[in-house]
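Okay, structure first, notes after.
The values are calculated or read from the model by the stated rules, or taken from the named source; none is laboratory data. As the structure is a computational prediction, the values presented were derived from the model and not from experiment. A quick note on method: Cβ atoms are made from the backbone with ideal geometry, for glycine too, and the neighbour counts reach across all protein chains shown. The protein model used for the area step is the full one, side chains on, heavy atoms only, and it has no ligands, DNA or RNA in it. Shrake-Rupley method; radii C 1.70, N 1.55, O 1.52, S 1.80 Å.
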Amino acid sequence: MATFVLMPKLGMDMEEGTIVEWFKNEGDTIKKGEPLFEVISDKANIEVEATIEGTLLKMYYKADDTVPVGRPIAAIGEAGEIAPDIDSGDSSSNMKEEPFVEEVNTPVHINSEHDMENNRIKISPRAKKLALDNNIEYHNISGTGFSGRIVERDIKNAIESRVNKSFIPEPNVSDIEKDDTIIPLSGIRKIIASRMMKSLSSMAQANHRMDVDMTNIMDLRKKLNEAYKERNIKVSVLDLLIKIVTLAIKDYPMINSSMVSDDSIVLHNYVNMGIAVATDNGLVVPVISDTHEKNIYEISSQSKLLIDKARNGKLLPEEMSQGTFTITNLGMYDVDSFTAIINPPEAAILAVGKICEKPVVENGRIAIRLISTLSLTYDHRIIDGAPAAQFLQRVKLILENPFLLI
């Protein structure tokens, strides 16, 4: 009996994946544990292995196709077996799907808003509730669930599309010249675009900036690296920021929270620090777990390991999930300051600009100090302006007085 291979859920926020490459062809024999295909998820490429043995009867999608999580993408069975039709509702699949409701819409009098032809609409209960709550007309939506049913992700896409249309003008074909290069929005770039629009459209994002004297923390970094020289450890500014931000979060725990619904906020009792890393394939955010329990040496070792894996495309899904706060640094690119976009479902992100010498007034005299600008973007639904500023002040205080790390 044939078994469906489903698009796996490789991250908490993953709703769809893009197939990068198939490692087998239809008719090939595959063994359990062999790589079957590669998929882009959460801005990382993951090889997915076969969980059963048999013959690859059919691939329902090709490379570059984007497929919802849980959707059959291939069938494995015995040689010569006929592959099932994924749109036939064949019950031989082990796929678990959201239950659905079949609505029967009967025409009523001519002016009724329900006036339509007699047809059957397959829609899940959660999808129907979400559509009604957001005034989404779902009768003309093409479902991506099993047998074409409308599921929750279809309604979310409709809501997002409606929001995006209010911000993005329709493209003018006449603006495209014959020598222009058209770049398809696909793969990692498509994922980044979707996540950034979701972040901006679903949060009330506000921003505070603050100049910080980094002279003392840079002196501490130099001394730490001298002390760790024999152990071949080099502490970075990012490592120190991770430690300092983690300490500041203890005093302002709402910074380390997430809004899980319209009427509830989850306050995390741990700190998992995301670190934004630029790679050749786009921006990725590996996560250092439990930084509240780690010393600077452990943080440094973990950050270097994750950054190396990120740049080589070797991050695992669990190494990019469960983040509660993110730090992003563009100082190495000579960026003075910038406003970062929050990484959902987190409530805040800290952007760090370059560290450079600037003249400052100290006790009535001009002095040259190392200055950097920190920029905190926060979700104003959860965090008010005053506590956000106080959190940033706390980070500044520790950076300028590193003895507070003790």
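Entry comment: accessible area of segment 177-288 is 56 Å² per residue, from protein heavy atoms only and a probe of 1.4 Å. Fully extending the segment from ALA206 to ASN312 would add 34.8 nm, taking 0.36 nm per residue of separation and subtracting the current Cα-Cα distance.
With θ taken as phi - 60° and the Karplus curve 6.51 cos²θ - 1.76 cosθ + 1.60 applied, the whole-hertz 3J(HN,Hα) list for segment 59-67 is 10, 7, 9, 9, 4, 6, 6, 9, 10 Hz, x standing for glycine and proline. Relative to the compact-globule estimate of 2.2 N^0.38 Å, the Cα radius of gyration of segment 214-322 comes out at 1.18. Each peptide in 71-77, 219-225 receives the mean, over its residues, of other Cβ atoms within 10 Å, and ordering these scores from highest gives 71-77, 219-225.
Classified by the C-alpha gyration tensor, segment 337-406 has a prolate form. Its axis ratio a/c, with a ≥ b ≥ c, is 1.5 or above, and a/b is larger than b/c. Counting only Cβ charges, +1 for Lys and Arg and -1 for Asp and Glu, the dipole size of segment 6-68 around its Cα centre is about 200 debye. Ranked by the mean number of other Cβ atoms within 10 Å per residue, highest first, peptides 356-366, 394-404 order as 394-404, 356-366.
Of the peptides 383-390, 249-256, the order by per-residue mean of other Cβ atoms within 10 Å, starting with the highest, comes out as 249-256, 383-390. Counting only heavy atoms of the protein chains and using a 1.4 Å probe, HIS380 has close to 80 Å² of accessible surface. Taking the 1.4 Å solvent-accessible surface of segment 250-375 as the whole, the part contributed by carbon and sulfur is 49%.
Put a plus charge on the Cβ of each Lys and Arg, a minus charge on the Cβ of each Asp and Glu, and nothing anywhere else: the dipole of segment 250-406 about its Cα centre is then about 480 debye.
Counted residue by residue at 0.36 nm each, then reduced by the alpha carbon distance between them, the extension gain from VAL20 to LYS223 reaches 68.5 nm. Remark: relative contact order (segment 190-271) = 14 percent; criterion is Cα-Cα distance under 8 angstrom and separation of 6 or more residues. Put a plus charge on the Cβ of each Lys and Arg, a minus charge on the Cβ of each Asp and Glu, and nothing anywhere else: the dipole of segment 254-331 about its Cα centre is then about 340 debye. Quick one: which of LYS9/LYS122; LYS190/LYS243; LYS9/LYS190 span more than 27 angstrom between C-alpha atoms? Correct reply: LYS190/LYS243.
Using the Karplus relation 6.51 cos²θ - 1.76 cosθ + 1.60 with θ = phi - 60°, the per-residue 3J(HN,Hα) values for segment 276-287 come to 6, 10, 7, 10, 5, 9, x, 7, 10, 10, x, 10 Hz, with x marking Gly and Pro. Keeping all protein chains in position, work out how much accessible area ASP85 exposes to a 1.4 Å probe, and write it in Å² to the nearest 10. The accessible area of ASP85 comes to roughly 90 Å².
Tell me whether segment 183-243 comes out rounded, prolate or oblate; compute the Cα gyration tensor, take square roots of the eigenvalues as a ≥ b ≥ c, and use a/c under 1.5 as the rounded threshold. Oblate, because a/c is 1.5 or more while a/b does not exceed b/c.
Note that segment 360-376 has calculated 3J(HN,Hα) couplings of 9, 9, 10, 6, x, 10, 7, 10, 9, 10, 8, 10, 9, 9, 9, 10, 9 Hz, one per residue in order, obtained from phi through the Karplus relation 6.51 cos²θ - 1.76 cosθ + 1.60 (θ = phi - 60°); glycine and proline are x.
For a modelled paramagnetic label at ARG189, 7 Å from Cα along Cα-to-Cβ, no residue of segment 316-337 is in reach, as no backbone nitrogen comes under 16 Å. Residues in segment 297-406 average 49 Å² of solvent-accessible surface per residue, probe 1.4 Å, ligands and nucleic acids excluded. Rolling a 1.4 Å probe over the protein heavy atoms of segment 179-231, with every protein chain left in place, gives an accessible area that is 53 percent carbon and sulfur.
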